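Down below is the structure, laid out as structure tokens.
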């Protein structure tokens, strides 16, 4: 009987995850089937999770907090984001991870972007934004600003993130990062300057940023505006939108006009798909003889990226 894996969210009809994962598992000769599971209410999403008929799940908007709540074991990445984008089953345990940040940073690094000593702005205050803030700190960012529509909401999100980070940083021995040039977990907490604000109050943060990541849903629809005043952008900046598959967003269109390096979320999706597949393999007790670069190539080709 084939193992079942899913992407859970609403909407998910546009998702490239099934074609990417199925291409990889077919290449590896695994009897695994990956499907889209569109649940239009939190009740239906909970019923799907309660059924438990899966080896692993990728979770997208709006069910990352729900997935986190359902997990019996939570990785630090999920605890810091307060939301999970990966659930993996191991026996009776359901393990939660958040690989949004890892995927975003890895994708940009593959494009030649360096986070070392960078000033980074992350738009949003939800699980995706918090995961990216953490990964950017691990990758060497000097300053990270979490910015959203509401100044108080951004401040609360950052305060909760830093309180959890402080607790986790001293809860265990601090290991160095397995990624060359990246910081260790505690080192990233100690050496990064974190700030928060609103789009209205943070104009200087945008104009001084080296890297700007939009981690909000704006851009999912063709007529969505940019989340902030794009007149603040200038040549030499890197602008990344986490959404993909909806054409060039207004944010990226304006960034390109102003001479910025602009990237959508397609490479991020592939990078986190590779990371989540590794997690599924590990918890299934499988160690396939394939490199991350090979997996990236297979999945990117399948998605036509």
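Read-outs: derived from the displayed coordinates by stated rules, not from any lab. Predicted model only: the values in this text are computed from it and were never measured. Cβ placement follows ideal geometry from the backbone for every residue including glycine, while neighbour counts extend to all protein chains displayed.
Which order do peptides 131-138, 144-151 fall in by mean Cβ count within 10 Å, highest first? Walk me through the numbers on the way to the answer.
Numbers: 131-138: 28.6, 144-151: 21.8.
Those peptides, ordered most packed to least, come out 131-138, 144-151.
Per-residue ellipticity at 222 nm from helix content only, as computed over the chain with -39500 (n - 2.57) for each DSSP H run of at least four residues, stands at -12500 deg cm²/dmol.
To the nearest ten degrees, helix 266-283 and the longest principal axis of the Cα atoms of the chain are 40 degrees apart. The value of relative contact order for the chain, using C-alpha pairs under 8 Å at least six residues apart, is 17 percent.
Could you work out the relative contact order of the stretch 154-270? I mean the mean sequence separation of Cα pairs under 8 Å and 6+ apart, divided by the number of residues, in percent.
It comes to 19 percent, rounded to a whole number.
Taking the number of Cβ atoms within 10 Å of each Cβ as an exposure proxy, the fewest-first ranking of 282, 295 is 282, 295.
Classify the stretch 53-162 as rounded, prolate or oblate, taking a ≥ b ≥ c as the square roots of the eigenvalues of its Cα gyration tensor: rounded when a/c is under 1.5, otherwise prolate if a/b is larger than b/c and oblate if not. Oblate.
When the square roots of the Cα gyration tensor eigenvalues are ordered a ≥ b ≥ c, the ratio a/c for the stretch 171-305 is 1.5 or more and a/b does not exceed b/c, which makes its shape oblate. Just checking my list [x] 6, 28, 37, 23, 5, 0; [y] 6, 24, 28, 20, 13, 7, 2, 0, 0; [z] 6, 28, 36, 19, 9, 2, 0 against P(r) over Cα pairs in 10 Å bins from 0, in percent computed from this structure; which label fits? Label [x] holds the value from this structure. With a ≥ b ≥ c the root eigenvalues of the C-alpha gyration tensor of the stretch 13-106, is it rounded (a/c under 1.5), prolate (a/b larger than b/c) or oblate? Since a/c stays below 1.5, the shape of the stretch 13-106 is classed as rounded. The angle between the Cα long axis of helix 292-303 and the main principal axis of the chain comes to about 90°, on a 0 to 90 degree scale. Take every pair of alpha-carbon atoms less than 8 Å apart whose residues are at least six positions apart; their mean separation over the length of the stretch 1-90 yields a relative contact order of 33 percent. Taking other C-beta atoms within 10 angstrom as a stand-in for reagent exposure, 281, 115 fall in the order 281, 115, fewest first. Debye-formula intensities of the stretch 101-266, expressed as log10 I(q)/I(0) at q = 0.10, 0.12, 0.18 Å⁻¹, are -0.34, -0.49, -1.09 (one equal scatterer per alpha-carbon, no solvent). Residues of the stretch 213-253 with an amide N closer than 15 Å to a point placed 7 Å from the Cα of residue 305 along the Cα-to-Cβ direction: 240-247. Using Cα atoms only, what is the angle between the long axis of helix 151-169 and the major principal axis of the chain, expressed in degrees (0 to 90) to the nearest 10? It works out to around 60 degrees.
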